[in-house]
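Some notes on the structure that comes next.
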Amino acid sequence: MEINDTFELLPNAKMLLSSLRSVGYTEETAIADIVDNSISSGATKIQLYFDWDEKRILIADNGRGMNKDELLESMKIGSADPAEMRNQNDLGRFGMGMKTASFSIGKKLLVITKQDNIMNNSEWNLDHVEQNNKWEVLIHSDNEIEDYLESIQEQMDFNEWEQGTIISLSVLDRLIDYNNLEKSKKKFYKTIKNIRAHLAMIFHRFIEEEELELSINKNVLQAWNPFVRQNPATMELSKEELFDGKSEVYIEPFILPHKNKFGNEEEYKKAGGPKEWLGQQGFYVYRNRRLIVYGTWFGKFKKEPAYNLARIRLDMNSESDFEWGIDIKKSKATLPVAIEESITQIAYLAVERSVAVYNSRGVYNRKNTSNNTSLKYVWEQRRNAVGNYMFYLNKKHPMLLKLMQELDDETKKELKTYLSLVENYSPAMLSGVIAGDDMATVADDIKAKDILNLKEKIAILKDLQYESEEIYEVLAESPEYAYLKNELNTIIGEN
């Protein structure tokens with residue numbers, strides 16, 4: 001239809017900001033979302049201070065800081081394009097986190113930042129927005145900011161840093177009932193305890209791997225690693241790599257020790273985690289090393305005490321946010337369809353191993369922790385990149401894993417290439433019963449990955465002195481790469 005005219009409809013400031021306060025944050029997820037910004041700014045120190053006397057929360061970091069334009073841009077609602085490619089160290093996505101997280105707790109968000117010895121500030125005051133119904137932030141005078149920073153210098157080290165940012169949340173109407181301060185005080189301090197445990201878990205890899213110093217009320221947090229890797233009885237199963245349609249995903253199952261393998265009851269209880277043993281079993285999804293979702297089976301299994309020892313680490317990239325359905329709060333995700341079946345199978349094996357160790361009462365070895373069907377489980381059936389079902393060899397078979405450990409890298413590649421031929425030329429595959437002739441449209445990124453895999457196989461076959469014609473004949477009839485048949489000669493030639 002022909003467009004006759006256009007009319008810009010700006011959202012009502014008062015109503016929209018009121019709605020943004022109900023996105024669904026908990027206090028723990030809100031504070032974690034704000035801390036994300038500090039980590040993305042390159043901070044090595046992040047200090048939080050929960051001040052009951054002044055009824056405010058302070059979050060300071062020694063990151064890069066911002067100039068005036070950068071600060072005002074960051075204060076916009078939706079300050080980033082979610083479709084834009086992000087740096088692997090950037091934990092944001094929608095440009096909403098700092099604002100929506102802050103509004104879910106209080107009505108005032110004051111940001112003070114310094115860069116190159118120049119101080120800037122900006123404040124969202126929801127009472128001001130409600131009164132004027134305008135998208136206006138407030139700018140305070142330099143003298144006011146100096147007085148404010150002087151008043152908090154005993155609580156934060158911000159004044160000693162050459163650069164950085166401090167966020168002040170006040171008028172905490174979602175956390176404090178100002179008509180019932182006695183009960184609110186108890187809730188306030190309980191919230192601090194919950195946030196402490198939450199941050200120690202969510203950012204444990206930054207604390208462990210990058211020596212990030214994260215403190216609450218002057219007490220430095222110790223990382224809580226859900227995989228109890230410091231205990232020698234923890235089993236690390238083989239690491240897998242899958243492709244979710246956009247980027248690689250790394251899966252690493254851990255089987256935690258039986259209760260009898262802990263030094264004392266306190267160690268065992270600590271390993272249980274913030275949600276305790278039953279609540280912590282399952283998948284742990286990390287996005288750029290930041291924990292997003294934890295203690296869930298994504299509906300694949302019911303939580304049972306015998307599964308308590310199975311915890312599976314999934315490392316995904318921010319490029320795949322839409323494939324995983326990451327929400328604004330960065331606290332929800334769903335398994336991508338492309339790898340759902342494979343991940344479920346890996347989880348099934350981990351659950352079986354957990355049951356074996358759980359029932360062993362701490363007396364277990366290689367024999368009684370191997371799942372009973374592992375020797376029989378040689379083949380698995382799952383969808384390939386174009387959506388057709390195929391049979392794949394079980395790459396986690398104990399005999400294959402043992403053999404792989406004894407081979408050098410080049411021989412491993414040769415064996416993997418041979419196994420790929422076995423998969424593609426099995427009788428079931430050649431019969432056409434499993435993989436149909438439907439040449440489905442393949443996404444460019446999946447196609448690019450398949451071409452890279454093909455090139456690697458071609459290089460190995462050429463190193464083994466096979467001619468191009470023979471390589472073409474073999475790969476052209478391979479059901480897995482059938483949709484690339486017309487491009488195969490070009491790909492072979494490029495090698």
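Give the residue that is nearest to ALA101 (Cα to Cα), with candidates limited to residues of the stretch 330-340 that are surrounded by fewer than 21 Cβ atoms within 10 Å (Cβ to Cβ) and not hydrophobic (A, V, I, L, M, F, W, C).
Ranking the candidates gives SER331 first.
Yes or no: the stretch 143-153 includes at least one residue that is loosely packed, with under 12 Cβ neighbours inside 10 Å, free of Cβ contacts under 8 Å to residues at least 24 places away in the same chain and either in contact with a Lys or Arg (Cβ under 9 Å, 6 or more places away or on another chain) or closer than 27 Å to ARG21 by Cα (or both).
No.
Would you confirm whether or not the stretch 36-49 contains a residue that is of a type in the set (A, V, I, L, M), modelled with pLDDT of 95 or more and touching a His at 6+ places or on another chain (Cβ under 9 Å)?
Scanning the stretch 36-49, I find no residue that is of a type in the set (A, V, I, L, M), modelled with pLDDT of 95 or more and touching a His at 6+ places or on another chain (Cβ under 9 Å), so the answer is no.
Where residues in the stretch 46-62 are charged (D, E, K, R) and assigned to a strand (DSSP E or B), which of them is farthest from ILE34 (Cα to Cα)? Spell out how you get there, then give the answer.
The first filter runs over the stretch 46-62 and keeps only residues charged (D, E, K, R), leaving 51, 53-56, 61.
Then drop every residue that is not assigned to a strand (DSSP E or B), which leaves 51, 56, 61.
On the way: ASP51: 17, ARG56: 15, ASP61: 11 Å.
Step by step, filter the stretch 46-62, then rank; the result is ASP51.
What are the residues in the stretch 298-319 that are crowded, with 18+ Cβ neighbours inside 10 Å and not charged (D, E, K, R), if any?
TYR307, ASN308, LEU309, ALA310, ILE312, LEU314, MET316, ASN317, SER318
Select from the stretch 151-172 the residues that are of a type in the set (D, E, K, R) and either modelled with pLDDT of 95 or more or under 14 Å from GLY63 (Cα atoms) (or both) and list them in ascending order.
Taking the stretch 151-172 and keeping what is of a type in the set (D, E, K, R), we get 154, 157, 160, 162.
Result: ASP157, GLU160, GLU162.
Look at the stretch 44-58 and say how many of its residues are within 19 Å of GLN163 (Cβ to Cβ) and surrounded by fewer than 24 Cβ atoms within 10 Å (Cβ to Cβ).
The total comes to 3.
Got a number for residues in the stretch 206-257 being in contact (Cβ under 8 Å) with a residue 24 or more places away in the chain, of a type in the set (A, V, I, L, M), crowded, with 16+ Cβ neighbours inside 10 Å and outside any strand (DSSP E or B)?
5
Could you please tell me which pairs satisfy a Cβ distance under 9 Å, a separation of 6+ or placement on different chains, a first residue in the stretch 39-56 that is outside the structural domain of GLU213 (by TED's automatic domain parsing), and a second residue that is at pLDDT 95 or above and outside any strand (DSSP E or B)?
Close Cβ pairs satisfying both conditions: none exist.
Look through the stretch 341-356, keep the residues that are touching a helix residue (DSSP H, G or I) at 6+ places or on another chain (Cβ under 6 Å) and either among the β-branched types (Val, Ile, Thr) or outside any helix (DSSP H, G or I) (or both), and return whichever of them is surrounded by the most Cβ atoms within 10 Å (Cβ to Cβ).
VAL351
I need the full set of residues from the stretch 264-323 which are closer than 18 Å to GLN345 by Cβ and either in a helix (DSSP H, G or I) or among the basic types (Lys, Arg) (or both), in order please.
Scanning the stretch 264-323 gives LYS300, LYS302, TYR307, ARG311, ARG313.
Can you find a residue in the stretch 401-416 that is modelled with pLDDT of 80 or more, among the acidic types (Asp, Glu), in contact with a helix residue (DSSP H, G or I) (Cβ under 7 Å, 6 or more places away or on another chain) and over 23 Å from SER247 (Cα atoms)? Walk me through how you get there before you give the answer.
Of the residues in the stretch 401-416, the ones modelled with pLDDT of 80 or more are 403, 406-408, 410-416.
From what is left, the residues that are among the acidic types (Asp, Glu) are 406, 408, 410, 414.
Then keep just the ones that are in contact with a helix residue (DSSP H, G or I) (Cβ under 7 Å, 6 or more places away or on another chain); that gives 414.
Among the residues that remain, those that are also over 23 Å from SER247 (Cα atoms) are: 414.
There is at least one residue in the stretch 401-416 that is modelled with pLDDT of 80 or more, among the acidic types (Asp, Glu), in contact with a helix residue (DSSP H, G or I) (Cβ under 7 Å, 6 or more places away or on another chain) and over 23 Å from SER247 (Cα atoms).
Please specify each residue of the stretch 467-495 satisfying the condition of being in a loop (DSSP other than H, G, I, E, B) and either touching a strand residue (DSSP E or B) at 6+ places or on another chain (Cβ under 9 Å) or at pLDDT below 85 (or both).
We begin by selecting, within the stretch 467-495, every residue in a loop (DSSP other than H, G, I, E, B); these are 467, 477-478, 495.
Hits for the stretch 467-495 are GLU477, SER478, ASN495.
The values are calculated or read from the model by the stated rules, or taken from the named source; none is laboratory data. These numbers were taken from a predicted model, which means no experiment stands behind them. No Cβ is skipped: glycine too gets one built from the backbone with ideal geometry, and neighbour counts run over all protein chains shown.
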